[in-house]
Amino acid sequence: KDKLFFLDLGQSIIIEKTLVFPKGYDLLLKEGSNIKFRVNSGIVLNGGLKILGKKDNKVNLSSYQNEVWSGILILAKDKEVYIDNLNMNGGNGVINGVTHRGAFTINKSNITIQNSLFENNFSEDTLNLVQVKGNLKNITIQNSPSDGLDIDYGEVIISNSKFFNIGKLTGADAIDMSKSKVEINDVIIKNTTDKGISVGEDSNTKISDLFISSAFAGIVAKDSSEVNAKDLFFKNI
């Protein structure tokens, strides 16, 4: 009756086929819970998500015995997505035969993502946010074959976050945005094969306390976009 699925504190499960949740149902993952995914399996949510990990007892999403798994697709339909202390490892964005850009994709939601790690994906974007409003705080994105964070039609504040080793297989951006309004504060970007931050397609961005090292370009503004930036340090650009 509460339209809620949950995985209780410290519980572990293995998923063998992609789970598509009913429309309007939410998912809750409590601290210390673990989900391991078999090959070509993932989760499609048609509702909200809460992940309630703790610093010393995180929630983990990862592959089963290094199999390539699909990833997470959240079609929130204006429901909340709240993520705290998540470790996500892997995901290729191919869900039920359809290729999505993100290993972890959130569509149309108010979001909070904090104290979380996204790494070692096989998709075009590690984290893909579409039509979202909210905050990313103390997140790390690393070891991505292509872009790290992609924001489309969003209003997002990114703070105290790190992006490492972006674009192992192609020219890629640590943070890419289009048609978005973004604030970036206290961010470190190291080793990205294309742009540290790409501001495109009529986006508006305020940036402060930014460190970028080992990138093809530091910040690029294009397609009628606007950037207001201060306190920047670039190295090996």
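The values are calculated or read from the model by the stated rules, or taken from the named source; none is laboratory data. Predicted model, so just to flag it, every value in this text is computed and none were measured. Cβ: placed from backbone, ideal geometry, glycine included. Neighbour counts: every protein chain shown. These accessible areas exclude ligands, DNA and RNA; they are computed on the full protein's heavy atoms, side chains included. Shrake-Rupley method; radii C 1.70, N 1.55, O 1.52, S 1.80 Å.
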Return the only residue of Lys50, Lys36, Lys17 being in a loop (DSSP other than H, G, I, E, B) and among the basic types (Lys, Arg). Lys17
In this structure, is Thr192 at pLDDT below 95 and either outside any strand (DSSP E or B) or touching a strand residue (DSSP E or B) at 6+ places or on another chain (Cβ under 7 Å) (or both)? no
Kindly establish whether Ile175 is under 16 Å from the mean Cα position of the chain (by Cα) and either at pLDDT below 95 or under 21 Å from Leu127 (Cα atoms) (or both). yes
Reported set for the range 146-167 where residues are open to solvent by less than 10 Å² (accessible area, probe 1.4 Å) and under 22 Å from Val94 (Cβ atoms) is Gly148, Leu149, Asp150, Ile151, Ile166, Gly167
Only residues in the range 149-165 that are farther than 15 Å from Phe104 by Cβ and in contact (Cβ under 8 Å) with a residue 12 or more places away in the chain count as the first member; pair them with residues that are open to solvent by 10 Å² or more (accessible area, probe 1.4 Å) and not in a strand (DSSP E or B), Cβ under 6 angstrom, at least 6 apart or cross-chain, and list the lot. Tyr153/Lys179
Residue in the range 1-42 that is nearest to Ile83 (Cα to Cα), counting only those that are surrounded by 18 or more Cβ atoms within 10 Å (Cβ to Cβ) and among the acidic types (Asp, Glu): Glu31
Of the listed residues (Ser214, Ser225), the one being among the small types (Gly, Ala, Ser), at positive phi and either modelled with pLDDT of 95 or more or open to solvent by less than 20 Å² (accessible area, probe 1.4 Å) (or both) is Ser214
Every residue in the range 83-123 that is of a type outside the set (Val, Ile, Thr), part of a strand (DSSP E or B), touching a Ser or Thr at 6+ places or on another chain (Cβ under 6 Å) and over 18 Å from Gly154 (Cβ atoms), please. Leu86, Asn89, Leu117
So Asn128, is it of a type outside the set (A, V, I, L, M), open to solvent by 30 Å² or more (accessible area, probe 1.4 Å) and either outside any loop (DSSP other than H, G, I, E, B) or free of Cβ contacts under 8 Å to residues at least 60 places away in the same chain (or both): no
Does any residue in the range 220-237 that is more than 14 Å from Ile184 (Cα to Cα) come within less than 6 Å, Cβ to Cβ, of a residue that is among the aliphatic types (A, V, I, L, M) six or more places away or on a different chain, and which pairs are these? Ala221/Val199; Ala221/Val227; Ser225/Val199; Phe234/Ile212; Ile237/Ala215
When only residues in the range 53-67 that are touching a strand residue (DSSP E or B) at 6+ places or on another chain (Cβ under 9 Å) and outside any strand (DSSP E or B) count, which is farthest from Ser123 (Cα to Cα)? Lys55
Looking only at residues in the range 177-211 that are touching an Asp or Glu at 6+ places or on another chain (Cβ under 6 Å) and closer than 17 Å to Ile237 by Cβ, which one is surrounded by the fewest Cβ atoms within 10 Å (Cβ to Cβ)? Asp194
In the range 139-157, anything more than 12 Å from the chain's Cα centre (by Cα), farther than 25 Å from Asp202 by Cβ and assigned to a strand (DSSP E or B) is listed as Asn143
Scanning the range 75-122 for residues that are among the charged types (D, E, K, R) and open to solvent by less than 50 Å² (accessible area, probe 1.4 Å) gives Asp84, Glu119
